[in-house]
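Each remark here refers to the structure printed beneath this line.
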Amino acid sequence: MFQRFAIIVLLLALAGVAPVSAAFAGDDAIVVIAAYTPTDSVDQPVVVAASAPQDDFAAGFDDDPAPGDASEVLIADPLEPLNRGVFWVNDKLYFYLFKPVARGYRAVLPHPVRVSVGNVFSNLGAPVRIGNSLLQFKIEDLGAEVYRFFINTTFGVGGLFDPAAKFGGVKPRQEDFGQTLGYYHLDHGCYLVLPIVGPSSLRDATGSFVDSFADPLRYTNLETEEYFAIKMVDMTNRLSLDRDTYEGIVRDSLDPYLFIRAAYAQRRQAQVGKTYNMNLLEGPLFDGDRLDPFNLFGQN
Amino acid sequence: MKRIILLLSLIVLVLSTVCHALPEPQAKVEEMVNSVLSVMRDSQMTLDQKKSQISGRVQQFLNIDSMSRRTLGQYWDGASVEQREHFARLFIKILEATYLNRIEDYSDGDVKYQKQRVKDDKAIIDTVIVANELEIPVQYLMIYTDGSLQVFDLVIEGVSLVRNYRSSYGEIIRRDGYDGLFALMEEKVRDMSEPASGSSVQ
């Protein structure tokens with residue numbers, strides 16, 4: 001009896017925490033609802049962008065190629081012959097080693113278990129995301145990640161479950177040191193295809209190396225082999241949850257190498273998003289008005 | 001508590017406006033997605049039947065002309081009329097096959113419509129596909145031509161499909177010329193139309 005009561009109280013507490021954290025973490029739902037203002041006139045399109053900034057809209061169309069424009073290069077790739085070599089090896093590794101292993105792994109472990117394993121690894125990545133949100137002064141992301149880390153480590157039993165998202169509605173953010181460097185206007189340098197890891201760049205590979213110092217597993221008494229074994233479990237688990245993304249790309253694109261390179265460049269660009277404002281005289285510093293203490297706990 | 005009330009009242013507000021006619025661009029996307037999903041979820045049809053049904057339905061919602069123009073980018077201007085037509089013919093087949101292969105993966109998912117923005121003759125519709133703990137943001141970019149709104153690009157998790165195609169196709173044209181590109185595309189169309197043999201089962 002008491003147990004059931006305790007669980008209900010716990011759930012209520014979580015649900016109560018959620019909206020508060022939502023204000024702090026900028027929960028998407030609120031933003032979305034505020035931005036969604038349907039109009040009654042059906043005849044002609046009118047501007048409906050309510051709270052969405054106008055430049056965001058224009059950015060959606062900024063890919064219109066200007067006539068006579070230089071050919072579109074999304075990321076420099078001077079090492080293409082080498083990269084293609086590594087890509088070829090990775091492709092074979094994928095189809096003949098990693099994917100079959102992941103398929104066996106999927107056959108043995110049921111879906112919820114694999115999701116939980118993924119949650120644990122994701123939770124272990126919290127220090128990286130927290131650190132990088134801080135480095136970019138992304139207060140919303142920082143709040144979300146700190147909240148997620150504490151809730152999921154405690155109520156989520158060491159990260160096995162994700163009550164922060166399930167009950168709190170706070171989704172994980174994507175932050176890494178490569179993004180932080182991008183935020184401060186550092187470019188990719190050049191495209192790299194890393195063995196096993198796959199698409200990366202000079203900047204992002206450096207970022208991953210720096211991030212590895214914030215990996216809690218690094219500070220345990222694990223042998224090097226054990227460390228890599230755990231990393232392989234992480235990768236296998238992730239592959240087992242994947243819906244044949246790579247197979248789809250190979251099947252659909254004329255040249256999978258080119259397609260993945262372009263997708264990687266675009267994806268990273270979208271993740272870096274808004275960059276640090278270098279011009280002090282123009283507009284707010286860092287992540288905009290989010291540093292405004294009066295605005296921290298209540299948007300609008 | 002205050003925030004909960006605010007949230008609830010906002011939800012009520014939104015729900016009450018939904019009763020009115022939806023704005024056109026989003027309604028258009030919903031129409032397309034729903035017509036595809038209704039076919040996908042029909043348990044009576046075989047996969048091939050579904051595919052042929054869907055390809056007919058989707059084409060009217062896509063602006064193939066605008067898509068091919070954008071995909072070739074600067075190489076559109078340099079192409080002859082025959083080359084443009086040849087390209088459009090192959091491109092639509094590739095697009096269709098890609099779309100059909102993808103929709104198969106997400107047919108059990110739910111599509112949430114988040115917001116739409118309209119400016120002049122263009123519109124962006126933000127949606128999220130929710131399938132198995134996964135949330136994939138998908139944006140539909142639409143253009144108003146000849147009295148109808150049509151999709152000309154899909155942006156999935158920040159990756160624009162057309163931009164991706166442009167980048168790869170441009171590289172192939174630079175390397176092998178138009179004929180090289182067409183040869184590759186024809187080969188791909190042949191491969192894709194064959195029954196899936198190598199693809200694994202979930």
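The values are calculated or read from the model by the stated rules, or taken from the named source; none is laboratory data. All values reported here derive from a predicted model rather than from experimental measurement. FYI the Cβ positions are ideal-geometry reconstructions off the backbone, even for glycines, and counts take in every protein chain you see. Keep in mind that these areas ignore ligands, DNA and RNA; they rest on the heavy atoms of the full protein, side chains included. Shrake-Rupley method; radii C 1.70, N 1.55, O 1.52, S 1.80 Å.
Structure data summary
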read-out	value
Selected residue [touching a helix residue (DSSP H, G or I) at 6+ places or on another chain (Cβ under 8 Å), of a type in the set (K, R), away from every other protein chain (no Cβ under 14 Å) and farther than 22 Å from B:P137 by Cβ] from A:R218, A:R251, A:R148	A:R218
Residue within segment A:213-233 that is crowded, with 20+ Cβ neighbours inside 10 Å and either under 18 Å from the mean Cα position of the chain (by Cα) or within 27 Å of A:P256 (Cβ to Cβ) (or both) present	no
Any chance B:I94 is in contact (Cβ under 8 Å) with a residue 60 or more places away in the chain and among the β-branched types (V, I, T)	yes
Subset of segment B:37-52 (residues that are open to solvent by less than 80 Å² (accessible area, probe 1.4 Å) and part of a loop (DSSP other than H, G, I, E, B))	B:D42, B:M45, B:T46
Near pairs, Cβ below 6 angstrom, 6+ apart or cross-chain, from segment B:28-46 (free of Cβ contacts under 8 Å to residues at least 40 places away in the same chain) to any residue that is polar (S, T, N, Q) and open to solvent by 20 Å² or more (accessible area, probe 1.4 Å)	B:V39/B:Q53
Among (1) more than 14 Å from the chain's Cα centre (by Cα); (2) crowded, with 17+ Cβ neighbours inside 10 Å; (3) of a type outside the set (A, V, I, L, M, F, W, C) - the single one B:S80 does not satisfy	(2)
Residues of segment A:166-184 that turn out to be under 12 Å from the mean Cα position of the chain (by Cα) and over 18 Å from A:V210 (Cα atoms), as a count	3
Where a residue in segment B:152-181 is within 7 Å of chain A (Cβ to nearest Cβ) and its partner, wherever it lies, is hydroxyl-bearing (S, T, Y) and surrounded by fewer than 22 Cβ atoms within 10 Å (Cβ to Cβ), with Cβ under 6 Å and at least six apart	B:G170/A:S71
Within segment A:142-245, helices (runs of 4 or more DSSP H) holding 3 or more residues that are over 25 Å from A:A270 (Cβ atoms)	A:224-241
Within segment A:187-198, considering residues that are farther than 19 Å from A:G273 by Cα and open to solvent by 20 Å² or more (accessible area, probe 1.4 Å), the one farthest from the chain's Cα centre (by Cα)	A:P195
Single unsatisfied condition, B:L141 versus (1) within 11 Å of chain A (Cβ to nearest Cβ); (2) at positive phi	(2)
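One line per residue, one yes/no per condition, for (1) among the polar types (S, T, N, Q); (2) within 27 Å of A:N90 (Cα to Cα); (3) free of Cβ contacts under 8 Å to residues at least 60 places away in the same chain:
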{"position": "A:I151", "(1), (2), (3)": "no, no, no"}
{"position": "A:R203", "(1), (2), (3)": "no, yes, yes"}
{"position": "A:S212", "(1), (2), (3)": "yes, yes, yes"}
{"position": "A:N237", "(1), (2), (3)": "yes, yes, no"}
